[in-house]
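Right, one structure below, let's go through it.
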Amino acid sequence: MPKVIAVIQHNEKEFLDLLDSIDYEIAEIIKYNPKRLNTRYYVGHGKLDKIKEAVKNSNADLVVIDGFLKSSQWFLLEKEIGVPVMDRVRLILEIFASHARSREAMLQVEYARLKYEIPRLRELIHRAKLKEHPGFMAGGEYKVDDYYEMICRRLSRIRKKIEKIKKERYERRKRRRREGYILVGIAGYTNCGKSTLLHALTGKDVIIEGRMFSTLSTRTSKVGKDRILITDTVGFVAGMPPWLIKAFEPTLEEIYESDVVLLLMDGSDDVPLFKKKMDTVMEYISPHIKGALIPVINKIDIANDLDVKKELASHIGEPILISAKNGTGLDELVERIKSEGGLVTEIVLNPSAECFRYIERFGRILSIEYDDSTVVKFQIRRGYLKGLKNVCGTSSGKDALR
Ligand SMILES: Nc1nc2c(ncn2[C@@H]2O[C@H](COP(=O)(O)OP(=O)(O)OP(=O)(O)O)[C@@H](O)[C@H]2O)c(=O)[nH]1
Ligand SMILES: [Mg+2]
């Protein structure tokens with residue numbers, strides 16, 4: 001097990017949990033103030049000396065910093081400290097890599113890792129050309145450029161494979177919609193109980209663990225006898241850069257493109273943490289969601305201050321309180337899913353191309369009549385009505401949609 005020096009800021013518990021979920025042995029914890037950063041080394045000189053001393057004293061293999069290092073900072077820190085240095089993003093990637101099991105998850109993780117490597121590799125090339133990193137040049141100057149080229153080629157090959165997976169998943173969702181299933185996605189911070197909820201609603205065996213990022217790929221299963229398909233997938237954590245989220249797009253689209261999205265929250269967190277995680281997940285998902293969004297507060301068997309948390313969640317929608325572990329509130333949750341996923345019949349007059357595409361994609365056209373105007377009659381799940389109004393409402397008001 002690698003021995004690490006953890007350099008952490010105030011959010012100490014979460015970072016230590018992240019380290020714990022990858023089985024690193026923490027040799028020493030050093031705290032730093034994120035408000036007092038050094039542009040050259042990220043941490044101040046005093047802190048840097050402390051880290052160097054800690055590495056020497058404990059013979060550590062690795063330094064992990066809860067922050068985001070620029071390529072030049074990473075380079076200079078490794079040079080100064082003499083052992084590999086990881087930042088928060090790199091740590092998340094390492095956890096993903098060690099937990100990835102399915103081909104799809106491995107592909108996405110590899111893509112994300114290469115994306116992470118590119119600016120660092122550029123830094124090495126830059127330094128090598130300045131002759132600041134002679135060891136790196138030992139194999140010949142052009143090898144570095146070749147390696148860089150190889151990474152770019154590999155990235156483009158993986159991108160193609162990822163596009164193929166996205167297409168397959170899109171077709172599968174379309175087929176399931178045609179078969180009359182309500183597609184439900186569980187979105188939430190890592191460790192909030194997504195897999196436990198999937199198991200509680202479907203009986204399907206899934207990995208349920210106290211550690212973070214146990215689930216990296218998707219798992220879709222049927223809820224009892226109802227025509228409801230529920231999907232559990234990778235969770236979120238604060239500080240995931242956009243390109244990392246993008247790498248997981250095929251997986252996350254299962255949530256974005258669901259008819260009903262459950263925003264699952266851990267009710268056992270204290271109020272500030274509850275709010276922080278809720279805001280983090282909303283920031284990631286809200287621009288992409290098309291269907292209904294239901295806030296669900298989990299772990300109420302061990303939760304405090306539920307009234308405050310309900311109030312916070314009510315900004316998103318009427319929250320449902322559950323315990324996925326002991327089954328409380330699950331009937332109500334299924335009823336709500338059925339209600340949001342219920343079919344309604346609507347009519348739209350003279351739809352724009354965008355409006356028509358929306359209806360084709362999420363609804364089912366019943367008839368199209370041409371008279372003075374074009375009248376499109378269709379069925380759609382209730383959860384899409386809001387999106388439908390946004391897309392199909394006319395500039396002269398909402399009269400086009402009746
Ligand atoms: N007390 C209590 N614990 C729960 C409840 N739901 C989940 N847990 C626990 O929370 C931990 C995480 O559960 P998971 O279902 O693995 O969470 P997840 O969101 O799938 O986590 P990742 O896949 O790692 O992102 C486990 O230890 C569960 O036993 C609940 O309702 N009550
Ligand atoms: Mg899980």
Query - Sulfur and carbon atoms: percent of accessible area, segment 311-389 [1.4 Å] - result: 46
**Report entry** Calculated Rg and Dmax of the chain using C-alpha coordinates, Å
**Finding:** 24.6, 84
Query raised in the report: Cysteines without a disulfide-compatible partner in the chain, using Cβ under 4.7 Å as the rule?
Result: 152, 192
Report summary line: Looking only at aspartates and glutamates whose Cα falls under 18 Å of residue 143's and that sit 8 or more positions away or on another chain, we get 117, 123, 132
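Given contacts defined as C-alpha pairs under 8 Å and at least six residues apart, what's the relative contact order of the chain, whole-number percent?
In percent, rounded to a whole number, it is 11.
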Requested in this report: Determine the order of 269, 331, 17 by accessible area, beginning with the largest, at a probe radius of 1.4 Å.
Outcome: 331, 17, 269
Report summary line: From the Cα centre of segment 1-73 to that of segment 182-203, the distance in Å is 33
Requested in this report: Could you look at segment 1-117 and say what percent of its accessible area is carbon and sulfur, using a 1.4 Å probe and all protein chains?
Outcome: 47
**Report entry** Shape category assigned to segment 1-141 from the gyration tensor of Cα positions, a/c cut at 1.5
**Finding:** oblate
Report task. Please list, or write none, the aspartates and glutamates whose alpha carbon is within less than 17 Å of the alpha carbon of residue 386, excluding same-chain residues fewer than 8 places away. Result -> 257, 259, 318, 340, 346, 354, 360, 399
**Report entry** Percent of C-alpha pairs per 5 Å bin, segment 170-340, short to long
**Finding:** 2, 9, 19, 24, 22, 15, 7, 2, 0
**Report entry** Across 47/115; 167/246; 174/290; 115/160, pairs whose alpha-carbon gap is larger than 21 Å
**Finding:** 47/115
Report task. Give the ranking of 170, 181 by solvent-accessible surface, highest area first, calculated with a 1.4 Å probe. Result -> 170, 181
Query raised in the report: Just the accessible area per residue of the chain, please: how many Å² with a 1.4 Å probe?
Result: 49
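The values are calculated or read from the model by the stated rules, or taken from the named source; none is laboratory data. Small disclaimer: the values here were computed from a predicted structure and weren't measured. Counting neighbours? That spans all protein chains shown, and the Cβs are built from the backbone with ideal geometry, glycine included. Heads up: the accessible areas ignore ligands, DNA and RNA and are worked out on the full protein's heavy atoms, side chains in. Shrake-Rupley method; radii C 1.70, N 1.55, O 1.52, S 1.80 Å.
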